[in-house]
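> Have a look at the structure that comes next, please.
The values are calculated or read from the model by the stated rules, or taken from the named source; none is laboratory data. Quantities reported herein were computed from a predicted structural model and do not represent experimental measurements. We place every Cβ from the backbone using ideal geometry, glycine too, and count neighbours over all the protein chains shown.
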Amino acid sequence: MTHTFSKTTGISVVVANMIGTGVFTSLGFQLLGIQSPFVLMMLWLVGGLTALCGALTYAELGANLPRSGGEYNFLTRLYHPCAGFISGWVSATVGFAAPVALAAMTFGAYLSAVFPDLSRTWSATMLVIALTLTHCLSHRASSNVQQVFTALKLLLILMFCTVVAVWGDNPQGLIFAPQAGDEKLLFSGAFAVALIYVNYAYTGWNAATYVTGELDNPQRNLPIVLAAGTAVVLLLYLLLNYTFLSAAPISSLEGKLEIGVIVAEQSLGSTAGKAMGAVLALLLISTVSAMTMAGPRVLQMIGQDFKVFAKLSECNRQGLPFNAIIFQGLLAIFFIVSATFESVLIFSSFVLGINTLFSVLGVFVLRYKNLSLAGAYRTFAYPFAPLIYLSVTLWTLAYVLVSKPIEGWIGLGIIALGGLIYWFSANKTEQDSGR
């Protein structure tokens, strides 16, 4: 019997991966350098359109290179197994385990705002354990959990925006039309640095490519899944940030993480602030679940290709890579108990930016090498879509190295370590094959 994920599950994986900690925490950091409502909204529009350009490009890569594993699969086949391995290493360590930890840590923080006696670390750890076990059960259980919590996430976001708009007190009289001087801000260093946080919030638009091999009719459905999921999130992010800026004074949001709670308290009262904490906790369950579903597929592909990691490719009777799922869960728990939120966010954004940069560049390699399949999807607005993504991503990566050099060099160190591990595992695999 063939076990597959439906198109609906694929879209829910994309949406749930994207809507996590970023949109509810990053506005406070952006306000430290930008005060213009128009420019702030442009941040989210530019970030969303960039992500959409990336998603349209990934759709061609996934349709023509139909195997689970995301960037690991793409870079292995387009460049070299070493590039693929480093990408898989990045996805396995930074790409999924770190964001799982960040989302779970935020879940624990918001839950403790409602129930002060609960330990943040304990709540975060229990969430990762529960979802890790759930995704080891079956495709049906995995799909059902993902679809239910993603639907709940969308419903709660729309409900929050509606409640604040209809019943909120003291709306802010902000002007969202362009003002004098805004054009300079759009091309400033402050805009580029703020875009780092926005890009992190949009991270996850590529999530469906990690389960391509288990997606029903991927050549037809993958482009729909990636484009539809990214477009839905873009609209939700614009609505959320319009609500945040309209409902609370900018001075109360500057430099703060708990944006949703502050907005709820400012517009609806302190009781509503606690209720918002509970709502955000529920939203983050979907995020942790989606990354627990997608990430282990990269480890599974690495296990299939490198004998030293063969255990990671083993599947249970339901066809699920249970060893890889458990490994990622344990790694996420390690981050929860040992890492700091801010540093992980910055260096993971930098490393993931490099990962997707080379993948999007790969669409040109794909066509140059004539690897396209007959009748497979081709990128809409090629070559402009990939070129837009590459330009914006290069711009933000350069500013990370300039403005956050420590996090940037940590990211480069992780990439270099992946290269060393590849060299060891490739030699080991070659030696074992020669016996």
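> Is it true that residue 359 is among the polar types (S, T, N, Q) and either modelled with pLDDT under 85 or more than 22 Å from residue 305 (Cα to Cα) (or both)?
So residue 359 fails the test.
> Residues that are among the aromatic types (Phe, Trp, Tyr) and at pLDDT 75 or above, at least 1 per element: which helices (runs of 4 or more DSSP H) completely within segment 136-232 meet that?
139-167, 189-202
> If I filter segment 286-297 for residues that are at pLDDT below 80, within 30 Å of residue 388 (Cα to Cα), not β-branched (Val, Ile, Thr) and not in a helix (DSSP H, G or I), do I get at least one hit?
Among the residues of segment 286-297, at least one is at pLDDT below 80, within 30 Å of residue 388 (Cα to Cα), not β-branched (Val, Ile, Thr) and not in a helix (DSSP H, G or I), which makes the answer yes.
> Taking residue 372 as the residue in question, decide whether it is more than 19 Å from residue 83 (Cβ to Cβ), more than 17 Å from the chain's Cα centre (by Cα) and without any contact (Cβ under 8 Å) to a residue 40 or more places away in the chain.
no
> Determine whether segment 240-253 contains at least one residue that is touching a Lys or Arg at 6+ places or on another chain (Cβ under 9 Å), surrounded by 20 or more Cβ atoms within 10 Å (Cβ to Cβ) and part of a helix (DSSP H, G or I).
no
> Considering every residue within segment 24-45, establish whether at least one is in a helix (DSSP H, G or I), at pLDDT 80 or above and under 18 Å from residue 206 (Cβ atoms).
no
> Could I ask something else about it? Pairs under 9 Å by beta carbon, first residue of a type in the set (Phe, Trp, Tyr) in segment 111-132, partner buried (at least 16 other Cβ atoms within 10 Å of the Cβ), six or more apart or different chains?
115/123; 122/108
> Could you list all residues from segment 267-279 that are surrounded by 20 or more Cβ atoms within 10 Å (Cβ to Cβ) and either aliphatic (A, V, I, L, M) or touching a Pro at 6+ places or on another chain (Cβ under 7 Å) (or both)?
272, 276, 279
> Looking only at segment 168-187, count every residue that is under 15 Å from residue 392 (Cα atoms) and either surrounded by 14 or more Cβ atoms within 10 Å (Cβ to Cβ) or basic (Lys, Arg) (or both) and tell me the total.
Adding up the residues that qualify gives 1.
> Of everything in segment 188-205, what is surrounded by 15 or more Cβ atoms within 10 Å (Cβ to Cβ) and not hydrophobic (A, V, I, L, M, F, W, C)? Give them in sequence order.
Residues satisfying the conditions are 197, 199, 200, 202, 203, 204.
> Going by what's in this entry, would residue 335 be described as touching a helix residue (DSSP H, G or I) at 6+ places or on another chain (Cβ under 8 Å), of a type outside the set (S, T, N, Q) and not in a helix (DSSP H, G or I)?
no
> Still on this structure: Return yes or no: is residue 365 at negative phi, touching a residue at least 60 places away in the same chain (Cβ under 8 Å), touching a helix residue (DSSP H, G or I) at 6+ places or on another chain (Cβ under 9 Å) and surrounded by 20 or more Cβ atoms within 10 Å (Cβ to Cβ)?
no
> Also, quick follow-up: Please list, ordered by first then second residue, the pairs with beta carbon atoms under 6 Å, 6 or more apart or interchain, first in segment 397-419 and of a type in the set (Phe, Trp, Tyr), second assigned to a helix (DSSP H, G or I).
399/192; 399/193
> List the residue pairs whose Cβ atoms are under 8 Å apart, where the first residue sits in segment 172-184 and is in contact (Cβ under 8 Å) with a residue 60 or more places away in the chain, the second is basic (Lys, Arg), and the two are 6 or more positions apart or on different chains.
Matching pairs, first to second residue: none at all.
> Shifting gears a bit: Identify, from the list 283, 331, the residue that is surrounded by fewer than 24 Cβ atoms within 10 Å (Cβ to Cβ), touching a residue at least 12 places away in the same chain (Cβ under 8 Å), of a type outside the set (S, T, N, Q) and within 20 Å of residue 120 (Cα to Cα).
That would be 331, the only listed residue that is surrounded by fewer than 24 Cβ atoms within 10 Å (Cβ to Cβ), touching a residue at least 12 places away in the same chain (Cβ under 8 Å), of a type outside the set (S, T, N, Q) and within 20 Å of residue 120 (Cα to Cα).
> Also, quick follow-up: If you go through segment 395-407 one residue at a time, do you hit one that is in contact with a Pro (Cβ under 8 Å, 6 or more places away or on another chain), surrounded by 19 or more Cβ atoms within 10 Å (Cβ to Cβ), among the hydrophobic types (A, V, I, L, M, F, W, C) and assigned to a helix (DSSP H, G or I)?
no
> Would you pick out the residues in segment 376-394 that are surrounded by fewer than 21 Cβ atoms within 10 Å (Cβ to Cβ), of a type outside the set (A, V, I, L, M, F, W, C) and either touching a Phe, Trp or Tyr at 6+ places or on another chain (Cβ under 9 Å) or without any contact (Cβ under 8 Å) to a residue 12 or more places away in the chain (or both)?
Of everything in segment 376-394, those that are surrounded by fewer than 21 Cβ atoms within 10 Å (Cβ to Cβ), of a type outside the set (A, V, I, L, M, F, W, C) and either touching a Phe, Trp or Tyr at 6+ places or on another chain (Cβ under 9 Å) or without any contact (Cβ under 8 Å) to a residue 12 or more places away in the chain (or both) turn out to be 383, 391.
> Sticking with this one: Considering only segment 150-168, how many residues are more than 14 Å from residue 239 (Cα to Cα) and within 20 Å of the chain's Cα centre (by Cα)?
Qualifying residue count for the region: 4.
> Further, regarding this structure: So if I check each of 62, 48, 88, which one is part of a helix (DSSP H, G or I), touching a residue at least 40 places away in the same chain (Cβ under 8 Å), touching a Pro at 6+ places or on another chain (Cβ under 8 Å) and not β-branched (Val, Ile, Thr)?
Result: 62 is the single residue among 62, 48, 88 that is part of a helix (DSSP H, G or I), touching a residue at least 40 places away in the same chain (Cβ under 8 Å), touching a Pro at 6+ places or on another chain (Cβ under 8 Å) and not β-branched (Val, Ile, Thr).
> Here is a follow-up. Go through 10, 28, 22, 54 for me and flag whichever is in contact with an Asp or Glu (Cβ under 9 Å, 6 or more places away or on another chain), among the small types (Gly, Ala, Ser) and buried (at least 24 other Cβ atoms within 10 Å of the Cβ).
Residue meeting the stated conditions: 10.
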